[in-house]
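In what follows, a single structure is set out as structure tokens and then discussed.
The values are calculated or read from the model by the stated rules, or taken from the named source; none is laboratory data. Predicted model, so just to flag it, every value in this text is computed and none were measured. Virtual Cβ from ideal backbone geometry, glycine too; neighbours counted across all protein chains shown. Ligands, DNA and RNA are excluded from the accessible area calculation, which covers all protein heavy atoms including side chains. Shrake-Rupley method; radii C 1.70, N 1.55, O 1.52, S 1.80 Å.
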Amino acid sequence: AQSVAQPEDQVNVAEGNPLTVKCTYSVSGNPYLFWYVQYPNRGLQFLLKYITGDNLVKGSYGFEAEFNKSQTSFHLKKPSALVSDSALYFCAVRTAGGSYIPTFGRGTSLIVHP
Amino acid sequence: EAGVTQFPSHSVIEKGQTVTLRCDPISGHDNLYWYRRVMGKEIKFLLHFVKESKQDESGMPNNRFLAERTGGTYSTLKVQPAELEDSGVYFCASSQASGFSYEQYFGPGTRLTVT
């Protein structure tokens, strides 16, 4: 069975500082990894995904994520946080060749302070 | 192009009552999915339609939940009778096809509160 862990319910960061939202996963095969963001009163929006290739994946709104196979992690990062980045972030995993239904983490609330 | 829409945005009902949630997918998307997030927990898959057929309903919690997609357009998810543990946010998503390369587009969700 596959699973995703987001160990932090909430991350607080000052505007302009770098941010990291953590995600670790467990799958039986090669993982496909995703990050989604939910802004208030909006649906989940796709941010980025890792399939294969470069371990550093760049996505929307200046976000990037680094795939680390040995640590089974896929942390979301941004060099300089904006107040408008405040939202709920979800990590998700699928297994290559497996179900097309993603397994999501519990979500991490990112709060960027002015 | 309009995105996935869901109605209502928020519903508050008493235990034992019935509630029907509606999802309108992106036009032309044959695949429609329902998910649920209970407060503070993971987003969990409920079921998947391909056109009007249920492709996978392995995530439906029990027979109090009934999903339909008559005509292969919009879908409804009925909870009858509602229980306290049904409270949460119900997301709908749609995609052109179900293969990996087809992204799922999510709606804003319906927040259901059962009191």
| said: I need every pair where a residue in segment B:87-115 that is assigned to a loop (DSSP other than H, G, I, E, B) has its Cβ under 6 Å from the Cβ of a residue that is hydrophobic (A, V, I, L, M, F, W, C) and open to solvent by less than 50 Å² (accessible area, probe 1.4 Å), sequence separation at least 6 or different chains. | reply: B:Ser87/B:Leu112; B:Ser87/B:Val114; B:Gln104/B:Ala93; B:Gly107/B:Val4; B:Gly107/B:Cys92; B:Gly109/B:Val89; B:Gly109/B:Phe91
| message | Would you confirm, using the coordinates I've provided, whether B:Glu57 is surrounded by fewer than 16 Cβ atoms within 10 Å (Cβ to Cβ), within 14 Å of another protein chain (Cβ to nearest Cβ) and either over 23 Å from A:Tyr32 (Cα atoms) or without any contact (Cβ under 8 Å) to a residue 12 or more places away in the chain (or both)? | response | yes
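Each row is one residue, and each column tells you yes or no for (1) over 23 Å from A:Leu88 (Cα atoms); (2) assigned to a loop (DSSP other than H, G, I, E, B); (3) at the interface with another protein chain (Cβ under 10 Å from one of its Cβ atoms).
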residue: B:Gly3; (1), (2), (3): no, yes, yes
residue: B:Gln6; (1), (2), (3): no, no, yes
residue: B:Tyr35; (1), (2), (3): no, no, yes
residue: B:Leu77; (1), (2), (3): yes, no, no
| task | For segment A:14-114, please list each of the strands (runs of 3 or more DSSP E) lying entirely inside it that holds at least 2 residues being within 14 Å of chain B (Cβ to nearest Cβ) and under 25 Å from B:Gly107 (Cα atoms). | result | A:31-38, A:44-50, A:87-95, A:108-113
| query | Taking A:Phe67 and the conditions (1) modelled with pLDDT under 90; (2) open to solvent by less than 40 Å² (accessible area, probe 1.4 Å), which numbered condition does it fall short on, given that it satisfies the others? | reply | (1)
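Residues checked against (1) loosely packed, with under 15 Cβ neighbours inside 10 Å; (2) closer than 29 Å to B:Phe7 by Cβ; (3) in contact (Cβ under 8 Å) with a residue 12 or more places away in the chain; (4) polar (S, T, N, Q):
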residue: A:Pro7; (1), (2), (3), (4): yes, no, yes, no
residue: A:Gln10; (1), (2), (3), (4): yes, no, yes, yes
residue: A:Gly16; (1), (2), (3), (4): yes, no, yes, no
residue: A:Val21; (1), (2), (3), (4): no, no, yes, no
residue: A:Pro31; (1), (2), (3), (4): no, no, yes, no
residue: A:Trp35; (1), (2), (3), (4): no, yes, yes, no
residue: A:Ala96; (1), (2), (3), (4): yes, no, yes, no
| note | Within segment B:33-42, residues hydrophobic (A, V, I, L, M, F, W, C) and at pLDDT below 95 come out as B:Val38, B:Met39
| note | Scanning segment B:41-54 for residues that are free of Cβ contacts under 8 Å to residues at least 24 places away in the same chain, over 20 Å from A:Phe104 (Cα atoms) and not in a loop (DSSP other than H, G, I, E, B) gives B:Ser53, B:Lys54
